Amino acid sequence: MKSLLKNLGLILILIGAVILLVSAYTGNVNNNTILGTSAALLIVGLVTYIILNKRITD
């Protein structure tokens, strides 16, 4: 469980990046909901990654 929790931030960052890639390939870059969601996932993932890796040690 610790390994999943430790990688939660990275998983969120990857999901946000995949959403951006899919929207770029489909040409749906003018939808603010999709872009805002992916930006929020990237920011939350980065903060989560930093906080959890400071607190969780093996």
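The values are calculated or read from the model by the stated rules, or taken from the named source; none is laboratory data. Being a predicted model, the structure only gives us computed values, none of them experimental. When we count neighbours, we look across all protein chains shown, and the Cβ atoms used for this are built from the backbone with ideal geometry, even at glycine. The protein model used for the area step is the full one, side chains on, heavy atoms only, and it has no ligands, DNA or RNA in it. Shrake-Rupley method; radii C 1.70, N 1.55, O 1.52, S 1.80 Å.
Modelled label positions at Leu5 and Tyr25, each set 7 Å beyond Cα in the direction of Cβ, lie 3.5 nm from each other. Dividing the summed helix terms, -39500 (n - 2.57) for each DSSP H run of n ≥ 4, by the number of residues in the chain produces a 222 nm estimate of -27500 deg cm²/dmol to the nearest 500. The three principal axes of the Cα atoms in the chain give end-to-end lengths of 43, 15, 12 Å, sorted in falling order. To put it simply, the accessible area of the chain at a 1.4 Å probe is 71 percent carbon and sulfur.
Report, to the nearest 10°, how far helix 32-55 tilts away from the longest principal axis of the Cα atoms in the chain, using its own Cα long axis and a range of 0 to 90°. Tilt of helix 32-55: around 10 degrees.
Counting only alpha carbon atoms, the long axis of helix 8-26 and the longest principal axis of the chain meet at about 10°.
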